[in-house]
1. Can you say whether Thr9 is modelled with pLDDT of 95 or more and not assigned by TED's automatic domain parsing to the domain that holds Val165, as far as the supplied structure shows?
2. I'd like to check something: does region 73-94 contain any residue that is aliphatic (A, V, I, L, M), in a loop (DSSP other than H, G, I, E, B), in contact with a strand residue (DSSP E or B) (Cβ under 8 Å, 6 or more places away or on another chain) and not assigned by TED's automatic domain parsing to the domain that holds Ala162?
3. In region 79-103, which residues are closer than 27 Å to Glu135 by Cβ and surrounded by 16 or more Cβ atoms within 10 Å (Cβ to Cβ)?
4. Does Ser172 count as within 17 Å of Ser33 (Cα to Cα) and not in a loop (DSSP other than H, G, I, E, B)?
5. Is it the case, given these coordinates, that Lys116 is under 18 Å from the mean Cα position of the chain (by Cα), modelled with pLDDT under 95 and either assigned to a helix (DSSP H, G or I) or assigned by TED's automatic domain parsing to the domain that holds Gln82 (or both)?
6. Any residue in region 149-166 that's within 16 Å of Ala30 (Cβ to Cβ): show its pairings with residues that are surrounded by fewer than 15 Cβ atoms within 10 Å (Cβ to Cβ) and among the acidic types (Asp, Glu) at Cβ separation under 6 Å, as long as the two are six or more apart or on different chains.
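The values are calculated or read from the model by the stated rules, or taken from the named source; none is laboratory data. Everything quoted here is computed from the prediction, not taken from an experiment. Note that we place each Cβ from the backbone using ideal geometry, even for glycine, and neighbour counts take in every protein chain shown.
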Amino acid sequence: MVVLMSNPTAEKKGQQGPETKAVKKGRSPAYPSVALDKAIELVRKVWDTQRKQEAHVDATLLAMGYTSQSGASLRALSALRQYGLIQDSGDMNMPKIKVTECAQDVILLPDSDSRKLKALRAAALSPSINAALWELYGAHLPSDESIIAYLARDKGYHQEAAVDVITNYRNSFSLAKLDKFDDIKLGSDKPNTNTSKGNSNDTHQMIADTQEMPLSIGPNMVARIPFPLSEDDFKFLLDALNLYKKKLVSRPVPAENTLTDAPLGTVLKRVLDEKG
């Protein structure tokens, strides 16, 4: 007589069938792993060490406070790239890092210089997910719950990643004063009040002579555009308008009972009937 013996190990393994097996989650789309204020602190350390010089990636990580390449250090380095604070140079065999002009404006210029604010806004909106959130919500952010729903449904972020995205974006939003975007004037540097000989120049005079042109961009919204504009300011203005495009541009509503699209015979008949 054959006796069938049960195998406890096999039974335990059998319990982990397709119905109960944990399903691996896909990775969320890319986003900065650190907030903008932290990224600025890190790039400031890099600047203090290497200035405008290129440096090997290991030397850059060491300046940031990391002893070697690891998951955490490489994610921080990636965040600085996403904010546009560093750029890659060299090649695959000798990767190097360089501090960008944008980062130099952020860490070196005084708060009173409008170029610093422009650089902060450029860094804040450089990550693709931040640009998408800005295009969708503009200067008025909704609740975290609404943003999480958008990130999960439309962008494919998991819950934990979505919370990180919102936290970092709100940090960038605050630093770059994006809630006061309409109040920020391009080229609004204050002229040098020191009129002693040798300190005044054509640039100060041009700024002092700057005028404003009001431009209606929507219901109860008027943009104050200073002129003359420099090439950089004009490019920034176009970039800003493109970010607002979805909110500013409305689809034309086709007019009803108009003669513009009617056949010529119909138009003439209508005109004659009205005169008769």
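1. Answer is no for this residue.
2. Checked region 73-94: at least one residue is aliphatic (A, V, I, L, M), in a loop (DSSP other than H, G, I, E, B), in contact with a strand residue (DSSP E or B) (Cβ under 8 Å, 6 or more places away or on another chain) and not assigned by TED's automatic domain parsing to the domain that holds Ala162.
3. Ala79, Leu80, Arg81, Gln82, Tyr83, Gly84, Leu85, Ile86, Gln87, Thr100, Cys102, Ala103
4. It is true that Ser172 is within 17 Å of Ser33 (Cα to Cα) and not in a loop (DSSP other than H, G, I, E, B).
5. In short, no.
6. Final answer for the pair search is Ile166/Asp144.
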